[in-house]
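Asks: Dropping a structure here in structure tokens format, bear with me for questions.
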Amino acid sequence: MHDLAGDPSSAADALRDVDRVAAQALADMRHLLAMTDDAETSGSAPGPLAPQPALADLPELVGDVVDTGLAVSLEQQGAPRELTAGAELAAYRVIQESLTNVIRHAGADSASDLLQWVPGKLLVTVRDDGRGVAGSSTAGTGRGLLGMRQRVELVGGTLRCGPATDGGFQVQADLPAAP
């Protein structure tokens, strides 16, 4: 038991721990609800559970995309830091969905994935050399960008999407590292 009046610093530490655990529990519950919602809307039971992909799985994802004929680079800068499971999954899914969008809509020859580890966060940037938003007949008609934004915001991050300054399209996610 913590005494807020007698030892405020110990109570503050305890409240930070409660906040961290509660945030992770909420993230896990949102994930479970999303799985349940997906099963209900598709009319089928959820498939077998499997481990969620992680950043360590990115080389395999990039290899699969390269097999489609798109030139893709993957670069990391800075010293990797620990992410919550939700933030790590969000980073993977942002890259996965972005590369899928490049293949389907961009008419691109190449794409680059950059993971930048900076103090307190991971910055994920996916950029392509395609025709950008203006050249896509399906820009904004799907749920891909919205889904990415929701996933990133659920873990306390931000997402920016739009035309890259030198042409093509760019997706940038700013995800918090674990405390």
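The values are calculated or read from the model by the stated rules, or taken from the named source; none is laboratory data. Everything numeric in this text was worked out from a predicted model, so none of it was measured. Don't worry about glycine lacking a Cβ; one is built from the backbone with ideal geometry, like all the others, and counts go over all protein chains shown.
Asks: Tell me, which strands (runs of 3 or more DSSP E) lie completely within the stretch 69-179 with 3 or more residues that are out of contact with any Leu (no Cβ under 9 Å at 6 or more places or on another chain)?
Replies: By residue number, 158-163.
Asks: Follow-up question, since we're still on this one. So Val72 ticks every box in (1) modelled with pLDDT of 95 or more; (2) not assigned by TED's automatic domain parsing to the domain that holds Gly130 but one. Which box is left unticked?
Replies: (2)
Asks: So, one more: Of Gln116, Gln150, which residue is farther than 26 Å from Arg30 by Cα and of a type in the set (S, T, N, Q)?
Replies: Gln116
Asks: Here is a check on your reading of the model: is Thr84 closer than 19 Å to Glu153 by Cα and modelled with pLDDT under 95?
Replies: In short, yes.
Asks: Evaluate the stretch 130-144: report whether one residue or more is over 20 Å from Arg30 (Cβ atoms) and in contact (Cβ under 8 Å) with a residue 60 or more places away in the chain.
Replies: no
Asks: What's the number of the condition Ala91 fails, among (1) modelled with pLDDT under 95; (2) out of contact with any Phe, Trp or Tyr (no Cβ under 8 Å at 6 or more places or on another chain)?
Replies: (1)
Asks: (1) at pLDDT 95 or above; (2) not in a helix (DSSP H, G or I): which one isn't true of Leu58, the others all being true?
Replies: Going through (1) at pLDDT 95 or above; (2) not in a helix (DSSP H, G or I) one by one, Leu58 breaks only (2).
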